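Trainee: Once you've had a glance at the structure underneath, I'll fire off some questions.
The values are calculated or read from the model by the stated rules, or taken from the named source; none is laboratory data. This is a predicted model, so every value here is computed, not measured. Counting neighbours? That spans all protein chains shown, and the Cβs are built from the backbone with ideal geometry, glycine included. The protein model used for the area step is the full one, side chains on, heavy atoms only, and it has no ligands, DNA or RNA in it. Shrake-Rupley method; radii C 1.70, N 1.55, O 1.52, S 1.80 Å.
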2 protein chains.
Amino acid sequence: MRDTGGVPKVVDHDERRRHVTAALLRITEREGLEAVSVRTVAAEAGCSVGAVQRYFSTKDEMLHFALRTVVEAERERIRHIRLGPAGMPFPDALRATLLELLPLDARREGEARIWAAFYARAAVHPEFAAVIDELNREARGNLRAAFAYAESVGELRPGQDHDALAQLVLTIMDGLMWSILMRPGGVHRDHLAAVDTAVRLVTGSASSPAPPS
Amino acid sequence: MRDTGGVPKVVDHDERRRHVTAALLRITEREGLEAVSVRTVAAEAGCSVGAVQRYFSTKDEMLHFALRTVVEAERERIRHIRLGPAGMPFPDALRATLLELLPLDARREGEARIWAAFYARAAVHPEFAAVIDELNREARGNLRAAFAYAESVGELRPGQDHDALAQLVLTIMDGLMWSILMRPGGVHRDHLAAVDTAVRLVTGSASSPAPPS
DNA sequence: CTGTATTTAATACGACTGTACCCGGAAAGC
DNA sequence: GCTTTCCGGGTACAGTCGTATTAAATACAG
């Protein structure tokens, strides 16, 4: 089919799909997933509904592609969990990693708002939940491996359940994300204090890390 | 108005509003807030659209009433945070309280699903977030007071930031709720382990002391 | 009974939804 | 030139949405 006859106007399909998806995510960040319709996405992308329909035959397919895009971005961030910068004490490295996962500036807050929208939809749509759950499992594995490594080099007090610890840390991260998104002013000192407490809980260090007040 | 002239068919307005709201919440639990429309609510409540419109002149008002209903139910549950049963060791009382807040059976899972739906909507609608934030503030206050009392009677290691501690515990509860809702099988051992770890973190019980540092 | 006031069912309306379809424009091979 | 293929704007269609309006049914005072 592709090789016979003339080759008409050729267009990078993947690029177009990403373009439309970016428009969808902008709408989601601004007004939530409920504001996403084929028409609003087309308007945001600066094209017609027919163009959107060409690359996403149905709205569900479009949403699934957007979900996979968001999950992929999150997966990329999670990959950096493995290790903090070498030569850094483990508590500091862990703290830095966790702070990087939190929506502490406007850009990451926008991303978190998108993430939360899909996250909430997963509470009703099991096929969304499956994708997200797999990502969470991956994150837990990375964190657990980091704990195991830290223990092996003597930077982490031995004898702890790394899996439960990783799950707890990720749970705290989830809760913190929602808490930050819910507060109008953004991040508060309690949020940072919670990260410090989580790090202290894992590493078992005794002193408090001087919160700026 | 009410005293003049004849008094025709009289119905309990509040009862009707609660009836309609209950139908709305059933739909929300089953299919999420996006499935809530005036028509679906009327059908679930077993009446016509006009009847719903009589008691809720607009859909927003209906949703707001439902939100306040849900928040009120949650407020009733967090009122029990103040103190566990007297004569119970503080760690056990705290653990029991936290376990009661978690959706560990089908009934509470349904309630949590409703709660999560409104929670997610609050991430986009600030007027929802304000109500929920106030409730969270209240819960934090109760928890903080419980910590202060426990410290005063010598059941809690002194010198901790009760407010930050309470915020952290509530954050863990939020994260756990989402985690439980997301997993298909319901509650896992990691969730209960997270509660134990949180209790241990707060009470500083002796199972994990002595950092070499 | 009549009269009056309230509840409710039914419907109408305009806007929006997802999807299917059509047709003109654009590039490449003949 | 023409043909072939893809692309994308425009539109039609059957629903559902929230809301306003209408008319019938109902229950009590007189």
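Trainee: Taking K and R as +1 and D and E as -1, what net charge do the other residues with C-beta under 11 Å from the C-beta of A:Arg77 add up to? Can you show the working numbers first?
Mentor: Numbers: positive: A:Arg75, A:Arg79, A:Arg108; negative: A:Glu72, A:Glu74, A:Glu76, A:Glu100, A:Glu111.
Neighbourhood net charge equals -2.
Trainee: Here's another thing I want to ask about it. Can you give me the solvent accessible area of A:Asp163 with a 1.4 Å probe, rounded to the nearest 10 Å²?
Mentor: Surface accessible to solvent at A:Asp163 totals approximately 20 Å².
Trainee: Moving on. I'd like the accessible area for A:Val36, computed on protein heavy atoms only with a 1.4 Å probe and all protein chains in place. Round to 10 Å², please.
Mentor: Accessible area of A:Val36: about 10 Å².
Trainee: By the scheme Lys and Arg +1, Asp and Glu -1, what is the net charge of all other residues having a beta-carbon under 13 Å from that of B:Asp196?
Mentor: Values: positive: B:Arg95, B:Arg189, B:Arg200; negative: A:Asp161, B:Asp92, B:Asp190.
Result for the neighbourhood of B:Asp196: 0.
Trainee: How big a patch of accessible area, both sides summed and in Å² to the nearest 100, lies buried between B and A at a 1.4 Å probe?
Mentor: So the total buried area for this chain pair works out to about 3200 Å².
Trainee: May I pose another question? Please report the spacing between the Cα centers of segment A:85-148 and segment B:131-192 in Å, no decimals.
Mentor: 21 Å
Trainee: May I ask you to compute the full-extension gain from B:Val153 to B:Leu135, defined as 0.36 nm times their residue separation minus their alpha-carbon distance, rounded to one decimal in nm? Mind dumping the intermediate values first?
Mentor: Numbers: separation 18, 0.36 × 18 = 6.48 nm, distance 2.74 nm.
The B:Val153-B:Leu135 span can extend by a further 3.7 nm.
Trainee: Give the angle, between 0 and 90 degrees and rounded to the nearest 10, that separates the Cα long axis of helix B:189-203 from the longest principal axis of the Cα atoms of chain B.
Mentor: 60 degrees
Trainee: Of all the accessible heavy-atom surface of chain B, with the other protein chains kept in place and a 1.4 Å probe, what percent is carbon and sulfur?
Mentor: On the way: 5730 of 10830 Å².
Within chain B, the accessible surface is 53 percent carbon and sulfur.
Trainee: Accessible area per residue, 1.4 Å probe, Å², for the protein assembly as shown: what's the number? Kindly include the intermediate steps, with their values, before the conclusion.
Mentor: Details: 21600 Å² over 426 residues.
Ligands and nucleic acids excluded, the result is 51 Å² per residue.
Trainee: While we're here: In square nanometres, what is one fourth of the surface area of the convex hull spanned by the alpha carbons of segment A:59-203?
Mentor: The orientation-averaged projected area of the Cα hull of segment A:59-203 comes to 8.9 nm².
Trainee: What span do the alpha-carbon atoms of the protein assembly as shown cover on each of the three principal axes, reported in whole Å from largest to smallest?
Mentor: The principal-axis extents, from largest down, are 85, 68, 39 Å.
Trainee: To test your reading of the geometry: what angle, between 0 and 90 degrees and rounded to tens, separates the Cα axis of helix B:162-182 from the longest principal axis of chain B?
Mentor: The angle comes out near 60 degrees.
Trainee: Could you sort A:147-155, A:27-35 so that the peptide with the highest average Cβ count within 10 Å comes first and the rest follow in order?
Mentor: On the way: A:147-155: 14.6, A:27-35: 17.4.
Packing proxy ranking, top to bottom: A:27-35, A:147-155.
Trainee: How tilted is helix B:90-101 with respect to the longest principal axis of chain B? Cα atoms for both, answer in degrees (0 to 90, nearest 10).
Mentor: On a 0 to 90 degree scale, this one is about 30.
Trainee: List for segment B:95-121: residues with 50 Å² or greater reduction in accessible area, all protein chains versus chain alone, probe 1.4 Å?
Mentor: In segment B:95-121, residues shielded by partner chains: B:Tyr119.
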